Amino acid sequence: MQKKSAEKTFRKIEHGIVAVENIFLVVSLVAMVGSIAIQVVCRYLLMISSPWCEELARYLFVALTFIGAARAFATKEHIGIDLVDTIAEKKCKNPQKVIALFNKLAILITFLFIVLFSYLYFDYLQSIAVHPQVSASMHINMLIPMSSILIGSILMAYHDICRLFYSYQTNDEATESA
Amino acid sequence: MSPLALLGIFLLFFLGLAMCFKVPVGYSIGMATLAVLFFDGLSSKILCTVAFSGLDSFPLLAVPLFIFAGAIMQYSGIAAALIELIDSLVGRLRGSLGAVTILTSAAFGVLTGSCLATISCVGGIMVPEMKKKGYSASYCAALAAAASFLGILIPPSVPGIMYGLCASVSISQVWMSTVGPALICIVAFMGINYFVQGRREEKSTVRITFPLYIKNVGTAFLSSIPALIMPVIIFGGIYGGIFTATEAGAVAVVYGMIFFLYKKIFHKNDLTSKFLGLTLNAAISTAAICILIDFSNCSGRVISMIGIAEAIKVFVTAHIASGAVFLIFANVIFLIAGMLIDINAAILLIVPLLLPTATAMGINPIHFGAIILVNLSVGFITPPFCSSVFMAQKISGARYVDIVKDVMPFVIASLVVVLLTTYIPAISTFIPNLLA
Amino acid sequence: GGSGASTQTASNPGGAASSASGGDASKDPAVTFKVNNTHSGEGVQDTTMDLLIKLCDQYSGGTIKGTKIAGGSLGGEREMTEMVQLGTLDVGLIADMGIDSSIGGLGWAWLPFMITSYDQVDKYYINGWIGQELTKEMAAKGIVRVAATENEFRECGTVSRPIQSMDDFKGLKIRVPEVDACQDFYKACGAIPAAISTSETLAALEQKTVDGVDNSVYNLKSMGVLDDIKYVTMLNYMYSGASIVCSQSFWDKMTPAQQAAFTKAATEAGASFRKSMRADTQTIIKNGKFKTYEVKEDSQFYKDLKKVAVNLWSTYNNKFDSSIMEKINKDFGV
Ligand code: NA
Ligand code: NA
């Protein structure tokens, strides 16, 4: 019983985080479109240059990719090859058990990689911070756009390990909300 | 360690993790890259440098933009209108639903740059229709999967941008170079569809007069005008000097948004999704594809660092004398890559390895690009890693093995098109030259 | 400029001062390096990497071995600079503007119409205080600048009309890199600088999204745009320097004798680079289908350009060190 309520709380927290990520993704995708459209309007209609548009769009894109990739773990939308499932269904007496085991392994391996990557990226940001870089057009500290990768990676690790946690709590896959 | 041993380690980790352990493809590539760095004693900071700068590239923005534009088109009824138009044109042929699927996938290609957008949209509508008409589920899936890669060969396309980026050649020329091969594929697929399905069908007995036919086409044409304007805006804008190929993606989205708003006000029932929902979906699809592109970038960079490109160049110049033989070698590599990995990852990995040798052998980079793109597009339906078949499996509910059996005639026809594209350069260079 | 690099490295804290004395490096422990540049294909950059590797081997008695990474396969100049800074790449041939895009603060070295002739280049940039100052500023950011190559003077290639007066700039859309001084210069002349990525420049020019491209003649050729460009105005408004740089960790790995051998090799390779690139540029101009337009120093157009450019200098006063700006005004002002 206590296990169940712990799971409920965990899911609630993840829901909140997913909601924030969703807002970020929608806003940044629309802002990306907007800034490129502004660049075209500035150059073609207003005849003025606007190099910041391009730069802003690029940095939004980096953030969108990493935060979005984290968000993609929550609804299992990453591109993968489910060859194991097909083989298990054909060759195993109890395919569901084998598939579940491989799912857990995949989550765990991915988690270890993301944690290692986050650690390496944190280390990298520290060495970049020794000689701060400034962006060419907006003149902002490059650590700002670069750190979106670290934030995204930490969120990836979080969402990924949530899947592992839930897989031990219930067998009910349907409770994974979209 | 020798470059080739390191390449072996890379493939072992990548394929092992992705195929045996179901680790998402992008993350498998990332881990394989780390493994290579570890075995070669290189600093892992290279990975971090590329993780940012690989994505920090303006032309790459076309990926989210065209995915977003495709999503708007899909959910605003434009795609359905397009299917109606093509149905009104060829709907009375035997095997017509198959023909409509093929032609609509090709036509849908002008709206989106992504194969998976094409199959999820056109396949999603056509597969149930075909099943109703008695097509087997596995054949529906095979046909929809095969037709979906036409969306890449018909510009605009994301892989075309990736190649243009890697090869530093004009993206619009790369786009135009695959139109010729796409037309041949369309004819070949229509032929296969006729032999497999069409011959079995009864000829339609309902009489239709010519004026009625014209009237039907006219009605369908009117409702699909918004879809037909899209390519006019994209290519008119690019060739009219208003915006670049990447910027065209943003313009397409803005056009789609205006159209969506119009629908929302006047024809609410046509909309099958809320705007925020489809935007979020487009953002997540973008991320799922781009994280893969990003880690492929990392592996490509590391592979350059350990000198595999040089090793291949040395090997090729020592063992391969003519451009024609080199192209066979290149095609075999593409085909294997297309069987194993995603098209964008494959372009990022292979083009830097082979293009220097290709240009040294006097092969036109636009022609080379067409060969790569056609070959890797076929990769969407060549087992074991065939994203289109995976997707079609989801839509149709057929078994993987059965779809693979039914998709084989299409694979063989496509491979013939690959050979034609390889050895008759005019097929790919004719249209770009016409427009230049 | 043969002796230039030794004076440059003299201000380097990495032990270069002693390296200038030279010595026998053939008994030293072997070191290896990887070298790269951002230009793909076979060109001056590629042959210079080969030459550098050869000369290092020769002058070090075989104790410095280099490998070349195919040009352009490690991404752009900002990334390459970062890799040299982090020590993940040992040696790079990078434009000074590219290094600046990563570390910043070097922009004073290419103010428009500051350096306008190759005599000034040799006197101030290769052998003089500009080169020394750049070496010092790069060293402060963890980059060892060993020798100078170059990217020549920047010109303007156009399709619609040649640029022969200030009026010709009006309304022209020119593809200009994301470098403040370049952007500001074209804006001040009345043109519209357009930020278009390198890979899209050729298509943008063909489809008239832009009317022209700003770069050196050599780079216009390697960008593939010279077949479309009809007129090249030799504005010579900006000298784009470039360097052979190496990472601090690689530099520290070498003994003083090896450092001297490396410096000697890089200096010679750099000089050969400049010579071949200038010669190639003349060949490109001779064989090109485009028309070139000189801007004579006594013409009104030259005076107008110089006036517009020098007016811009004061806008950079609070961005850069005042002593440097003073020196610039003293040596190059009107
Ligand atoms: Na397309
Ligand atoms: Na495949």
- For residues that are polar (S, T, N, Q) and facing chain B (nearest Cβ under 7 Å), scanning just segment C:199-217, find the one that is surrounded by the fewest Cβ atoms within 10 Å (Cβ to Cβ). C:Q207
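Residue under question is B:L355, and the condition is that it be of a type outside the set (D, E), surrounded by fewer than 22 Cβ atoms within 10 Å (Cβ to Cβ) and away from ligand 2 (no atom under 16 Å from the Cβ); does it hold? Reasoning before the result, please.
Numbers: of a type outside the set (D, E): yes; surrounded by fewer than 22 Cβ atoms within 10 Å (Cβ to Cβ): no; away from ligand 2 (no atom under 16 Å from the Cβ): yes.
Spelling it out, it is not the case that B:L355 is of a type outside the set (D, E), surrounded by fewer than 22 Cβ atoms within 10 Å (Cβ to Cβ) and away from ligand 2 (no atom under 16 Å from the Cβ).
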- Given the conditions (1) within 16 Å of ligand 2 (Cβ to nearest atom); (2) within 12 Å of chain A (Cβ to nearest Cβ), report the number of the one that B:L37 does not fulfil. (1)
- Message: For a quick check of your reading of the model, give me the residue pairs whose first member lies in segment B:143-165 and is within 10 Å of B:A182 (Cβ to Cβ), whose second is among the β-branched types (V, I, T) and away from ligand 1 (no atom under 13 Å from the Cβ), with beta-carbon atoms closer than 8 Å and at least 6 apart or on different chains.
- Response: B:F149/B:V378; B:F149/B:I381; B:L150/B:I102; B:L150/B:I186; B:L153/B:V374
- Candidates B:T317, B:T219, B:T272, filtered to the one that is more than 9 Å from chain A (Cβ to nearest Cβ) and assigned to a loop (DSSP other than H, G, I, E, B): B:T272
- What tally of residues in segment C:33-85 results from selecting those that are closer than 27 Å to C:R278 by Cβ, at the interface with chain B (Cβ under 7 Å from one of its Cβ atoms) and of a type in the set (A, V, I, L, M)? 3
- Return a yes/no flag: does segment B:326-340 have any residue that is surrounded by fewer than 24 Cβ atoms within 10 Å (Cβ to Cβ), more than 16 Å from ligand 2 (Cβ to nearest atom), within 14 Å of chain C (Cβ to nearest Cβ) and free of Cβ contacts under 8 Å to residues at least 60 places away in the same chain. no
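With segment C:159-214 as the region, which helices (runs of 4 or more DSSP H) entirely inside it contain at least 2 residues that are more than 18 Å from A:I48 (Cβ to Cβ)? Talk me through it step by step, then tell me what you get.
On the way: elements: C:166-169, C:180-189, C:198-206.
Of the helices (runs of 4 or more DSSP H) lying wholly inside segment C:159-214, those with at least 2 residues that are more than 18 Å from A:I48 (Cβ to Cβ) span C:166-169, C:198-206.
Applying the selection to segment A:98-115, what residues are among the aliphatic types (A, V, I, L, M) and either touching a residue at least 24 places away in the same chain (Cβ under 8 Å) or within 7 Å of chain B (Cβ to nearest Cβ) (or both)? Don't jump to the end; show me each part of the working.
Step one: filter segment A:98-115 for residues among the aliphatic types (A, V, I, L, M), giving A:98-101, A:105-109, A:112, A:114-115.
Passing the criteria: A:A100, A:L105, A:A106, A:I107, A:L108, A:I109, A:I114, A:V115.
Per-residue answers, yes or no, for (1) away from ligand 2 (no atom under 16 Å from the Cβ); (2) part of a helix (DSSP H, G or I); (3) out of contact with any His (no Cβ under 7 Å at 6 or more places or on another chain):
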site	(1), (2), (3)
B:V127	yes, yes, yes
B:K131	yes, yes, yes
B:L143	yes, yes, yes
B:I152	no, yes, yes
B:P155	yes, no, yes
B:L165	yes, yes, yes
B:V174	yes, yes, yes
B:A182	yes, yes, yes
B:V187	yes, yes, yes
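With the structure loaded, tell me whether B:G77 is under 30 Å from B:A227 (Cα atoms) and away from chain A (no Cβ under 14 Å) or whether it fails that test. Walk me through how you get there before you give the answer.
Working: under 30 Å from B:A227 (Cα atoms): yes; away from chain A (no Cβ under 14 Å): yes.
Considered against the rule, which asks whether it is under 30 Å from B:A227 (Cα atoms) and away from chain A (no Cβ under 14 Å), B:G77 comes out as yes.
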- Query: Can you tell me which residues in segment B:359-377 are surrounded by fewer than 24 Cβ atoms within 10 Å (Cβ to Cβ), modelled with pLDDT of 85 or more and of a type in the set (A, V, I, L, M)?
  - Reply: B:I363, B:I366
- Can you find a residue in segment C:264-281 that is touching a Cys at 6+ places or on another chain (Cβ under 6 Å), touching a residue at least 12 places away in the same chain (Cβ under 8 Å), buried (at least 21 other Cβ atoms within 10 Å of the Cβ) and assigned to a helix (DSSP H, G or I)? yes
- Query: Is there any pair with a first residue in segment B:367-396 that is within 13 Å of chain A (Cβ to nearest Cβ) and a second that is within 16 Å of ligand 1 (Cβ to nearest atom) and part of a loop (DSSP other than H, G, I, E, B) whose Cβ atoms are under 7 Å apart and which are 6 or more apart or on different chains, and what are they?
  - Reply: B:F380/B:F149; B:C386/B:F380; B:S387/B:F380; B:S388/B:F149; B:S388/B:F380
- Query: On the given criteria, is B:S138 under 19 Å from B:T429 (Cα atoms) and more than 16 Å from ligand 2 (Cβ to nearest atom)?
  - Reply: no
- Residue tally, condition of a type in the set (V, I, T) and surrounded by fewer than 24 Cβ atoms within 10 Å (Cβ to Cβ), over segment B:230-250: 4
- Query: In segment B:264-305, which residues are free of Cβ contacts under 8 Å to residues at least 60 places away in the same chain and of a type in the set (S, T, N, Q)?
  - Reply: B:N269, B:S304
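Going by the structure shown, is C:V334 among the hydrophobic types (A, V, I, L, M, F, W, C) and in a helix (DSSP H, G or I)? So that I can check it myself, show each step before the final result.
Working: among the hydrophobic types (A, V, I, L, M, F, W, C): yes; in a helix (DSSP H, G or I): no.
Here the answer is no, as C:V334 does not meet what is asked.
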- Restricting attention to segment A:92-104, which residues are surrounded by fewer than 16 Cβ atoms within 10 Å (Cβ to Cβ), among the hydrophobic types (A, V, I, L, M, F, W, C) and part of a helix (DSSP H, G or I)? A:A100, A:L101
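Looking at C:G190, is it surrounded by fewer than 24 Cβ atoms within 10 Å (Cβ to Cβ), in contact with a helix residue (DSSP H, G or I) (Cβ under 7 Å, 6 or more places away or on another chain) and away from chain B (no Cβ under 12 Å)?
Working: surrounded by fewer than 24 Cβ atoms within 10 Å (Cβ to Cβ): yes; in contact with a helix residue (DSSP H, G or I) (Cβ under 7 Å, 6 or more places away or on another chain): yes; away from chain B (no Cβ under 12 Å): yes.
It is true that C:G190 is surrounded by fewer than 24 Cβ atoms within 10 Å (Cβ to Cβ), in contact with a helix residue (DSSP H, G or I) (Cβ under 7 Å, 6 or more places away or on another chain) and away from chain B (no Cβ under 12 Å).
Might you let me know whether segment B:112-124 holds any residue that is away from ligand 1 (no atom under 16 Å from the Cβ) and not aliphatic (A, V, I, L, M)?
Within segment B:112-124, the first condition is being away from ligand 1 (no atom under 16 Å from the Cβ), and the residues that meet it are B:124.
Applying the additional criterion that residues be not aliphatic (A, V, I, L, M) yields B:124.
Yes, because at least one residue in segment B:112-124 is away from ligand 1 (no atom under 16 Å from the Cβ) and not aliphatic (A, V, I, L, M).
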- Task: Tell me, please, whether a residue that is under 24 Å from B:F195 (Cα atoms), among the small types (G, A, S) and away from ligand 2 (no atom under 16 Å from the Cβ) can be found in segment B:384-396.
- Result: yes
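Please verify whether B:G198 is out of contact with any strand residue (DSSP E or B) (no Cβ under 7 Å at 6 or more places or on another chain), within 16 Å of ligand 1 (Cβ to nearest atom) and of a type outside the set (V, I, T), treating the condition exactly as stated. Please lay out each step first, then the result.
Numbers: out of contact with any strand residue (DSSP E or B) (no Cβ under 7 Å at 6 or more places or on another chain): yes; within 16 Å of ligand 1 (Cβ to nearest atom): no; of a type outside the set (V, I, T): yes.
So B:G198 fails the test.
The values are calculated or read from the model by the stated rules, or taken from the named source; none is laboratory data. Here the structure is a predicted model, which is why all the values come from computation and not from measurement. All Cβ positions, glycine included, derive from the backbone under ideal geometry; neighbour counts span all protein chains shown.
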